[in-house]
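Before anything else, here's the structure in question.
The values are calculated or read from the model by the stated rules, or taken from the named source; none is laboratory data. As the structure is a prediction and not an experimental result, all values here were calculated from the model. Please note: Cβ atoms are built from the backbone with ideal geometry, for glycine as well, and neighbour counts cover all protein chains shown. Keep in mind that these areas ignore ligands, DNA and RNA; they rest on the heavy atoms of the full protein, side chains included. Shrake-Rupley method; radii C 1.70, N 1.55, O 1.52, S 1.80 Å.
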Amino acid sequence: MSEFQLIFVLILLSSILFTASAIECYQCESVYEEGCGYTFDSEEHFKVNCDYKAPPRYVQKSVENANATACMKRVYKEHSVTKYIRSCYYGDTNNTEVGCRMDPTMAEVHDVRCYVCDDEDYCNKAAPFNSHTNWWSIFGSFLMFVLTAKILNIQCVVLV
């Protein structure tokens, strides 16, 4: 085997190894762990590698792939008490209806919100994720841009 072929094989193997690693998420339930609620304590024992976690039994038959694809934070009310679950997410991240399904054995569950993220490991820490656009921030940023351009005597061209 030539030196070029050896280098190519090593690069190919290393890229496969690096892309095969799953996402890592926080996994906890506020019912059992005090630090898992709205105020979240990101402790080491909450961290899991989703490669080693199976999907919940009530989701297994509905998802095509048994591997975790993202992290999830679920917020719901049960008997008027707000509860939080952070875990690995299984399913299509663009269609969260199946992956965000609640356990059907849980009674009296209302107002379920499910936040899915796959942009980085342990992204299900936030409470809650930014789920709406902050128009005041966008307007303020645009205004600062225009004012800075005027101060620096730069012409702003607006394309319509």
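Applying the selection to region 33-55, what residues are touching a strand residue (DSSP E or B) at 6+ places or on another chain (Cβ under 8 Å) and either assigned to a helix (DSSP H, G or I) or at pLDDT below 85 (or both)?
Ser42, Phe46, Cys50
Hey, another quick one. Return the only residue of Asp51, Asp41 being acidic (Asp, Glu), open to solvent by 20 Å² or more (accessible area, probe 1.4 Å) and within 16 Å of Glu120 (Cα to Cα).
So the residue among Asp51, Asp41 that is acidic (Asp, Glu), open to solvent by 20 Å² or more (accessible area, probe 1.4 Å) and within 16 Å of Glu120 (Cα to Cα) is Asp51.
Sort out which residues of region 108-127 are touching a residue at least 24 places away in the same chain (Cβ under 8 Å) and either assigned to a loop (DSSP other than H, G, I, E, B) or β-branched (Val, Ile, Thr) (or both), and write them in order of number.
Residues satisfying the conditions are Glu108, Val109, Val112, Val116, Asp118, Asp121, Tyr122, Ala126, Ala127.
Tyr76 passes all but one of (1) at pLDDT 90 or above; (2) part of a loop (DSSP other than H, G, I, E, B); which number fails?
Only one criterion is unmet by Tyr76, namely (2).
Quick one: what pairs do we get from region 82-103, first residue under 25 Å from Phe40 (Cα atoms), second surrounded by fewer than 17 Cβ atoms within 10 Å (Cβ to Cβ) and among the aromatic types (Phe, Trp, Tyr), C-beta under 9 Å, 6+ apart or different chains?
Thr82/Tyr38; Tyr84/Tyr38; Arg101/Tyr58; Met102/Tyr58; Asp103/Tyr58
Considering only region 56-73, state which residues are open to solvent by 80 Å² or more (accessible area, probe 1.4 Å), more than 20 Å from Asp121 (Cβ to Cβ) and in a loop (DSSP other than H, G, I, E, B).
Lys61, Glu64
Now, a different point. Out of the residues in region 74-97 that are surrounded by 14 or more Cβ atoms within 10 Å (Cβ to Cβ) and aliphatic (A, V, I, L, M), state the one that is farthest from Ile23 (Cα to Cα).
The qualifying residue farthest from Ile23 (Cα to Cα) is Val75.
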